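Asks: Encoded as structure tokens, here's the structure I'll be asking about.
The values are calculated or read from the model by the stated rules, or taken from the named source; none is laboratory data. Since the structure is predicted, the reported quantities are computational estimates derived from the model, not experimental observations. With ideal geometry, Cβ positions are generated from the backbone for all residues, glycine too; neighbour counts draw on all protein chains shown.
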Amino acid sequence: MASALRMPRDGRPLGLTLAFTGMFLVSTDSLLVRVAEQDSNVDGWTIAFMVGLFSVPVTWSLAVRSLGRDTLRQIVRWRLTLLVTGLLGGIGTTSFLTAVTLTSAANVVAIIASGPIFAAALAHLALQERTSARTWRAICLVVVGIMVIVSGSIAAGGIAGDLVALLAIFVFAVNLVIWRRHPELPRTLVVAVTATCTMAVTAGFADTSLLDRQAFFATLAMGGFFGPVARLCMSTATRHAPPAEVSLFTPVETVAATLWVWLWFEEVPPTPTFLGGTIVVAAVFYGLTGPVREMDVETPRQT
């Protein structure tokens, strides 16, 4: 049976703080990818493999610490769902990191910012969740913003990176729907399995001989600290605040990641990226702020 779930209001500030912290930490990924490839020929496959390799022991330690003796039972119970969401997460992580090596970081994070809007559309189709007219208008604005970004990339020759970024945001949106469909799915296991799948998906294509000292430590920082802590913050945030409100912090990554790369490498966003990114971020705020005020948060239907 479907049941209404109202988030405890006293925990909301903690949830929103965790959401901000998670997205702020994730914003360092684009900078660290740039650092990794600065003086080497390392590619996206190798970066993703090393990130997964360093993440596996950290994330599995967190999962076992969180679930204790119940870890194996939860793995068996959710094995198929974990495999699907883990493979999608691995593909998404690899796509994101590869996209940053193929086009400007600003392009990638601007496209990634549209994730919550596309997730709302997929939830409407897959879960029959109500999607307001406001959200559909926001989706149209997001599409316009992405078209502006892509038009600039076509002229500059970075269209491949934009397309890979679109793949990353598509699988991320699918994963959001899966997580909403299964609210009891242990998030620490999701993060651990995603790290494992990222390593497995990229193992056959990675060339670790391309790594230099700088690339090694950059991927260590991503996989061993920033990534696991950020994803733990984001998964925990939804326990204290509504998912729609948590999603509002997605543009934090867009703004912060663009700023990091701009300050560190003087990678100034092209005019189309700036205009398109502004449209995307504005559309996300417009689409998500209205429904948060107007609708109660409900759990998806359980079968």
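Residue by residue, here is whether (1) surrounded by fewer than 19 Cβ atoms within 10 Å (Cβ to Cβ); (2) within 19 Å of residue 287 (Cα to Cα); (3) hydroxyl-bearing (Ser, Thr, Tyr); (4) modelled with pLDDT of 85 or more holds:
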site	(1), (2), (3), (4)
32	no, no, no, yes
40	yes, no, yes, no
89	no, no, no, yes
114	no, yes, yes, no
124	yes, yes, no, no
138	no, yes, no, no
146	no, yes, no, no
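Asks: Please give the number of the condition residue 42 fails out of (1) free of Cβ contacts under 8 Å to residues at least 60 places away in the same chain; (2) among the hydrophobic types (A, V, I, L, M, F, W, C); (3) not in a helix (DSSP H, G or I).
Replies: (1)
Asks: May I pose another question? Only residues that are charged (D, E, K, R) and in a helix (DSSP H, G or I): list them for the stretch 179-208, please.
Replies: 180, 181, 187
Asks: Moving on. Between a residue in the stretch 200-215 that is farther than 19 Å from residue 83 by Cα and any residue that is of a type in the set (Ser, Thr, Tyr), which pairs come within a Cβ distance under 6 Å, given they are 6 or more apart or on different chains?
Replies: 206/46; 207/46; 210/40; 210/46; 212/40; 215/40
Asks: Is it the case, given these coordinates, that residue 80 is over 22 Å from residue 228 (Cβ atoms), in a helix (DSSP H, G or I) and at pLDDT 90 or above?
Replies: Yes; evaluated as a whole, the condition is true for this residue.
Asks: Also, I was wondering about something else. Do we find that residue 230 is at pLDDT below 80 and small (Gly, Ala, Ser) in this structure?
Replies: no
Asks: So is residue 54 closer than 25 Å to residue 266 by Cα and touching a helix residue (DSSP H, G or I) at 6+ places or on another chain (Cβ under 9 Å) or not?
Replies: no
Asks: (1) over 25 Å from residue 101 (Cα atoms); (2) part of a helix (DSSP H, G or I); (3) modelled with pLDDT of 80 or more: which one isn't true of residue 162, the others all being true?
Replies: Answer for residue 162: the failing condition is (1).
Asks: Can I ask one more? Of everything in the stretch 268-287, what is part of a loop (DSSP other than H, G, I, E, B) and crowded, with 17+ Cβ neighbours inside 10 Å? Give them in sequence order.
Replies: Once the filter is applied, which keeps residues that are part of a loop (DSSP other than H, G, I, E, B) and crowded, with 17+ Cβ neighbours inside 10 Å, the stretch 268-287 yields 269, 270.
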